[in-house]
Each structure stands twice: as C-alpha cells, then as structure tokens.
C-alpha cells in the first residue's frame, strides 16, 4: 500500500483483490479487507478514499467483515451533536483470515465433488 495523503491500494494489493474476487469474494469486500488489513484502525471515509469505493459499498463490506468475525467497530463520539464516527479494526490477521477463507472454499469444493458423484450415479441410469 502506498501512502499519499492517506493510504491507497497499490498494484500488489490490486493483485490480491483480483485473486480473492476470482475465488468468489465480492470485489468490494476484497478491497475493503486489503485496505483495513494494512492499517491499525480506520474510518469508513478512509476506506472509501484508499480503496476507491463509495460509502454504501464500504458499509456493506464492513457489515460482512463483522458478520464473519473478521472486524469490529467502535464508535467515536464527536463534540456536540451529530452521529458518532465508526472506527473499524480487524480482529484477525490477514493470514488467519485467508485460512478461514480457504477452509470455506475447500468445503465448497468438497460439496461440488459430492454433488458431481451423486449426479454421475443418477445419470448412469439414463444410459440404458
């Protein structure tokens, strides 16, 4: 990740995003994950700028990261009135998240293999 005014994803990060996406992870989730994995904590506005995403895309991605237990949110109250600012931080290191993602994908591969085996058994009945 390169640093300009704030961090932005670089070519290496883009390659990781591309690979995650090819493996079935939504691209916005992959971009958000790659951004947040390289900072201690961040606001969603920083992710928007650094990962080149719109606010709703970051919001959905952050919800998914939290649903999976990969990130947590804390609120930072502003002085006076107004909504608090959400601060996000990963709860697991990126290699551990990759391990979780790999497990998920391997289970899907196993399910596909089993379904293909079942389908082959059924199709044999039609060859007669």
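The values are calculated or read from the model by the stated rules, or taken from the named source; none is laboratory data. Keep in mind the model is a prediction, meaning the values are calculated, not measured. Ideal geometry is used to build each Cβ from the backbone, glycine not excepted, and the neighbour counts take in all protein chains shown.
For residue 92, only one of the following conditions fails: (1) at pLDDT below 95; (2) outside any helix (DSSP H, G or I); (3) at negative phi. What is its number?
Every listed condition holds for residue 92 apart from (1).
For segment 71-84, check the following and say yes or no: at least one residue is loosely packed, with under 15 Cβ neighbours inside 10 Å, more than 22 Å from residue 15 (Cβ to Cβ) and touching a helix residue (DSSP H, G or I) at 6+ places or on another chain (Cβ under 8 Å).
Yes, segment 71-84 has at least one match.
Would you point out the residue of segment 6-26, among those that are assigned to a helix (DSSP H, G or I) and surrounded by 15 or more Cβ atoms within 10 Å (Cβ to Cβ), that is modelled with the lowest pLDDT?
Per the stated criteria, the residue is 13.
Only one of these conditions is not met by residue 49: (1) surrounded by 19 or more Cβ atoms within 10 Å (Cβ to Cβ); (2) more than 15 Å from the chain's Cα centre (by Cα); (3) farther than 16 Å from residue 89 by Cα. Which number is it?
Exception for residue 49: condition (1).
Within segment 77-92, count every residue that is within 27 Å of the chain's Cα centre (by Cα) and without any contact (Cβ under 8 Å) to a residue 12 or more places away in the chain.
Final tally of qualifying residues: 3.
So is residue 47 within 20 Å of residue 14 (Cα to Cα), assigned to a loop (DSSP other than H, G, I, E, B) and either at pLDDT below 95 or out of contact with any helix residue (DSSP H, G or I) (no Cβ under 9 Å at 6 or more places or on another chain) (or both) or not?
Against the criterion (within 20 Å of residue 14 (Cα to Cα), assigned to a loop (DSSP other than H, G, I, E, B) and either at pLDDT below 95 or out of contact with any helix residue (DSSP H, G or I) (no Cβ under 9 Å at 6 or more places or on another chain) (or both)), residue 47 does not qualify.
Do we find a residue being surrounded by 13 or more Cβ atoms within 10 Å (Cβ to Cβ) and either without any contact (Cβ under 8 Å) to a residue 24 or more places away in the chain or assigned to a helix (DSSP H, G or I) (or both) anywhere in segment 109-120?
No, segment 109-120 contains no residue that is surrounded by 13 or more Cβ atoms within 10 Å (Cβ to Cβ) and either without any contact (Cβ under 8 Å) to a residue 24 or more places away in the chain or assigned to a helix (DSSP H, G or I) (or both).
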